[in-house]
Amino acid sequence: MRIEPRPLPAELPFLGDLPPLLTRLYAARGVQSQEELDKGLARLLPYQQLKGIDQAVSLLVEAIDQRQRILVVGDFDADGATASSVAVLGLRLLGAAQVDYLVPNRFTYGYGLTPEIVGVALERQPDLLVTVDNGISSVDGVQAAKQAGLKVLITDHHLPGPELPQADAIVNPNQPGCEFPSKALAGVGVIFYVLMALRARLRALGRYAQAAQPNIGELLDLVALGSVADVVPLDANNRILVHQGLERIRAGRARPGIQALLEVARRDHRRLTSVDLGFILGPRLNAAGRMDDMSLGIECLLSEDLALARDMAAELDGLNQDRKSVEQGMQREALAQLKDLPLEAMPFGLCLFEPDWHQGVIGILASRLKDRYHRPTIAFADAGDGVLKGSARSIPGFHIRDALDAVAASHPGLITKFGGHAMAAGLSLPAEHFQAFAEAFDAQARAQLCEDDLTGRLLSDGCLAVEEFHLELARALRNAGPWGQHFPEPLFHGVFELVEQRIVGERHLKVVLKSECGSVRLDGIAFGVDRELWPNPGARWVEMAYKLDVNEYRGVESVQLLIQHLSPR
C-alpha cells in the first residue's frame, strides 16, 4: 500500500472566509468556487434540463386526474428501496389515489422490469408502471407491458445499452441526448426530481390555490440514504440532496423507519454523518434484499408507526447479522482459493466461484477482495438452471461495465446479459462458460491495466501539525461534508510512536500514540486488522494514514484517529 499526496490545483480558489486547511481540502476535491459550497435547495440543478421530464409529468398528471392505478417497480438494493418509498410517498402526497409498489425477489426474478415481472404486475391490474432505479435496459419487459395495454414511465440512472425500451417516457440523466449537467444522480435522486417537476406542473395548473403545496422536502432523508448507500459520486448537486437529508435526520424529523434503523444501530441522530448512512444504515436496509425480500425494507421506510417500524428494523438488523456470518464464510473460501497463488501470478481481473455461495452476498465479497488485492474482481454464485450470476467491483481506471461490453463484443454468446456503472456491475452467463469468461475478463484487464495500477494507493491530504490535533478541527471536518464517493473524507498521514497496542472486539486494534515530536498523546483505532500482523510487539514507530475523528464515551468527547493503514517504520 502506497500513501501518496492528493493532487492540488496549481492555484487555490477563493472559497470565502475558510480556514486554510478547509480551503485546501475542498480544492483537492475539485471545488472551484464559493457557490459550490452553498448547500441550500435553491442551488439544485433545474429539473427542466432532464430529457423526458415533460412527458413523464404528463403521464403522472393524467394518472392522478383519472384516478388510475400506479404501480412502482423497484430494485432490491438500498437505492431501489428508498426510490420505491419516495415514489409511493411522493405520489400519494401529490394526489395519486392508488399507488402500490412491486420489488422483484432477486432470487426468483432477478433484476429489472422483465417480462416475468410484468406478468406478476398484471395481477395488480395497474394502468401505469413507474420503474425506479431500473428499466433503462428492460427492452423486452417494456414491450410485454405495452402489449398488455399498460403505460410505462422509466426513471433510472444506470447506463443504457445500445437499444432503449419503447416506454411512454424515460427520465435518466445518462440516456442519450439528456443535457442534465449531473450524471451522478442515484435512482432515488431521479424520482425525487420527477416529483419536483410534477409538483411544479400541478402548481401551474392551480391545484394548490386553496391549500399550501405539499412539502416533498419531507422525503429528503430517504434521498440522502439511497444516494450515499448506492455510492454515487457526491458532486455539488448530490451534496445538496445529502446535506438536506442529513439536516432533517439530525433535527429529529426523519421518517419512523429511519429513526428505528438508527435506534437498532445505536446511533445518535444528532451526530449522524454521511459515512453513517453508507456503513451503518445502508447495510441493514440492503440486508433485506440480499438475504430475503426487500419488501421488508420498503415497508420499514413506508411505515408511519414508530413501534411497527422498530419491529421491522430489528428484523432487518437480524438479517444483517446473518449476512455478516455468510459473508465471512464466503471470504474464508475465497481466500483459500487464492492463498497458494503468488501475487505476481494472480490474474489482473479476478473471477471466483463456489457452488454454495449466496447470490445476495457476492457483491460484498467482490468488494472485499477488490480492496484486498487491488484489482477488478467478479464473484459468481449458482443461480440455478445452469446459470451463474456475477457481481463485479472495479478499481480506478478500469470501467467495469465497458470492460464487460468489450468481452461480450469480442466473445459473442459468452455473457447472457450485463449492466452497471464504472465501478460496479452485474452479469449472467451459462455455467459452462465460466472458465472461458474468466480468461477473457483477465485478458481485457491486462489490455487496460499495468502492474502499477494494481498497487493499492491511499491519497493523503498531508500531515497535521501538532497543534491541529484538537476537537474543534475534528468537529469542523465532520461537518464540512457531506463526504462520500468522489468527495472523500479527509485523510492524513504521519509517523507516530506506538506507546500501547491491544486487540478489542476480536479484530480491532486499539492504540495509544505519540506524535513524532512526542508532545501529543493520541488514541487511535484500526478496524478489522489482520491478527497475524497486529499486535506487533516489535513495532515502536509506525507510519499511518488516518482520519481525525470525534469519539464520544459516556458523554465526553475526545479526539480519536481512525486508522486506515499502518505499517512498522
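Only the coordinates and a few stated rules stand behind these numbers; no lab work does. Everything numeric here is computed off the predicted structure, so don't read it as measured data. Don't worry about glycine lacking a Cβ; one is built from the backbone with ideal geometry, like all the others, and counts go over all protein chains shown.
Length gained on full extension, HIS470 to SER567, computed as 0.36 nm times the residue gap minus the Cα-Cα distance: 32.5 nm. When the chain is described by a simple charge dipole with +1 on each Lys and Arg Cβ and -1 on each Asp and Glu Cβ, the residue from LEU246, PHE496, HIS486 located farthest towards its positive end is LEU246. With neighbour counts taken as other beta-carbon atoms within 10 Å, the residues VAL223, VAL361 rank, fewest first, as VAL361, VAL223.
How would the stretch 398-467 be classified by its alpha-carbon gyration tensor: rounded, prolate or oblate, with rounded meaning a/c under 1.5 and the a/b versus b/c comparison settling the rest?
Prolate, since a/c reaches 1.5 and a/b exceeds b/c.
Using the alpha-carbon centroid of each, what span in Å lies between the stretch 129-147 and the stretch 36-72? Each part's Cα centre sits 19 Å from the other's. Go through SER295, MET346, SER325 and say which Cα lies farthest out towards the positive end of the charge dipole of the stretch 282-361; charges sit on Cβ, +1 for Lys and Arg, -1 for Asp and Glu. The residue sitting farthest along the positive end of the dipole is MET346. Ordering ALA392, GLY363, LEU93 by the projection of their Cα atoms onto the charge dipole of the chain, which places +1 on the Cβ of Lys and Arg and -1 on the Cβ of Asp and Glu, puts LEU93 at the extreme positive end.
What value, in deg cm²/dmol to 500, does the helix sum -39500 (n - 2.57) over DSSP H runs of n ≥ 4 give at 222 nm once divided by the residues of the chain?
Details: 16 runs with 205 residues, N = 569.
Mean residue ellipticity at 222 nm (helix-derived): -11500 deg cm²/dmol.
About the Cα centre, and with charges only on the beta carbon of Lys, Arg (+1) and Asp, Glu (-1), how big is the dipole of the stretch 1-86? Nearest 20 debye, please.
Value, rounded to 20: 180 debye.
For the stretch 98-106, putting each phi into the Karplus relation 6.51 cos²θ - 1.76 cosθ + 1.60 with θ = phi - 60° gives couplings of 10, 10, 9, 9, 9, 10, x, 6, 4 Hz, in residue order, rounded to whole numbers and with x for Gly and Pro. Working from Cα positions, state the angle (0 to 90°, nearest 10) between the long axis of helix 236-250 and the longest principal axis of the chain. Approximately 80 degrees, to the nearest 10.
Taking a ≥ b ≥ c as the square roots of the eigenvalues of the Cα gyration tensor of the stretch 220-291, is the shape rounded (a/c under 1.5), prolate (a/b larger than b/c) or oblate? Can you show the working numbers first?
Working: a/c = 1.88, a/b = 1.12, b/c = 1.68.
Because a/c hits 1.5 or more and a/b fails to exceed b/c, the stretch 220-291 counts as oblate.
Within straight-line reach of LYS510, meaning a Cα separation under 18 Å, sit the following lysines at least 8 residues removed in sequence or on another chain: LYS547. Under the shape rule built on the C-alpha gyration tensor, where the axes satisfy a ≥ b ≥ c, the stretch 47-315 is rounded, since a/c falls short of 1.5.
Between PHE279 and ARG29, the modelled label-to-label distance comes to 1.5 nm, taking each label 7 Å out from Cα in the direction of the beta carbon. In order along the stretch 325-332, the Karplus-derived 3J(HN,Hα) couplings, from 6.51 cos²θ - 1.76 cosθ + 1.60 at θ = phi - 60°, round to 5, 4, 4, 5, x, 5, 4, 4 Hz, and Gly and Pro are given as x.
Full-extension gain between ALA200 and LEU335, please, as 0.36 nm times their residue separation minus the C-alpha to C-alpha distance.
Values: separation 135, 0.36 × 135 = 48.60 nm, distance 5.38 nm.
Using 0.36 nm per residue and subtracting the Cα-Cα distance, I get 43.2 nm.
Of the GluC sites (Glu not before Pro) found in the stretch 303-408, those that fall in a DSSP loop while having at most 12 other beta-carbon atoms within 10 Å are GLU304.
Exposure proxy check: ILE191, ILE563 ranked by fewest other beta carbons within 10 Å?
Numbers: ILE191 36, ILE563 22.
Sorted ascending by nearby Cβ count, the order is ILE563, ILE191.
Taken about its Cα centre, the chain carries a charge dipole of about 1000 debye when Lys and Arg each add +1 at the Cβ and Asp and Glu each add -1 at the Cβ.
Taking other residues whose beta carbon is less than 11 angstrom from the beta carbon of CYS300, and scoring Lys, Arg as +1 and Asp, Glu as -1, yields -2.
Might you report the magnitude of the Cβ-based charge dipole of the stretch 206-264 about its Cα centre, with Lys and Arg at +1 and Asp and Glu at -1, to the nearest 20 debye? Value, rounded to 20: 200 debye. Annotation for ARG446 and GLU516: the two label points, set 7 Å from Cα along the Cα-Cβ direction, are 4.2 nm apart. Approximating the spin labels as points 7 Å out from Cα along Cα→Cβ, the GLN49-to-LYS324 distance works out to 4.2 nm. Each principal axis of the stretch 341-454 carries a Cα extent, and these read 40, 28, 26 Å when sorted largest first.
Quick one: if you take sqrt(5λ) for each eigenvalue of the C-alpha gyration tensor of the chain, what semi-axes come out, biggest first, whole angstrom? Provide the component values of the computation, followed by the final result.
Working: eigenvalues 303, 184, 99 Å².
Over the Cα atoms of the chain, the ellipsoid semi-axes are 39, 30, 22 Å.
Filter the trypsin sites (Lys or Arg not before Pro) in the stretch 57-120 down to the DSSP loop ones having no more than 15 other Cβ atoms within 10 Å, then list what survives. In loop regions of the stretch 57-120 (DSSP not H, G, I, E or B), the sparsely surrounded trypsin sites (Lys or Arg not before Pro) are ARG67. Note on ASN551/ASP356: beta-carbon distance plugged into 1/(1 + (r/R0)^6) with R0 of 56 Å gives a FRET efficiency of 0.90.
Note on LYS151: aspartates and glutamates with a C-alpha under 20 Å away, same-chain residues under 8 apart excluded, are ASP54, GLU62, ASP65, ASP75, ASP100, GLU116, GLU123, ASP127, ASP133, ASP140, GLU163, ASP168.
Each principal axis of the stretch 461-568 carries a Cα extent, and these read 38, 32, 29 Å when sorted largest first. Expressed as a whole percent, the proportion of Cα-Cα pairs in the stretch 258-349 lying more than 24 Å apart is 36%.
Find how much the distance from ALA422 to ASP17 grows on full extension, using 0.36 nm per residue of separation minus their present alpha carbon separation; answer in nm with one decimal.
Details: separation 405, 0.36 × 405 = 145.80 nm, distance 3.64 nm.
Taking ALA422 through ASP17 to full extension adds about 142.2 nm, to one decimal.
Which entries of LYS146/LYS417; LYS39/LYS370; LYS51/LYS417 show an alpha-carbon separation above 29 angstrom in the structure shown? Over 29 Å apart, Cα to Cα: LYS39/LYS370.
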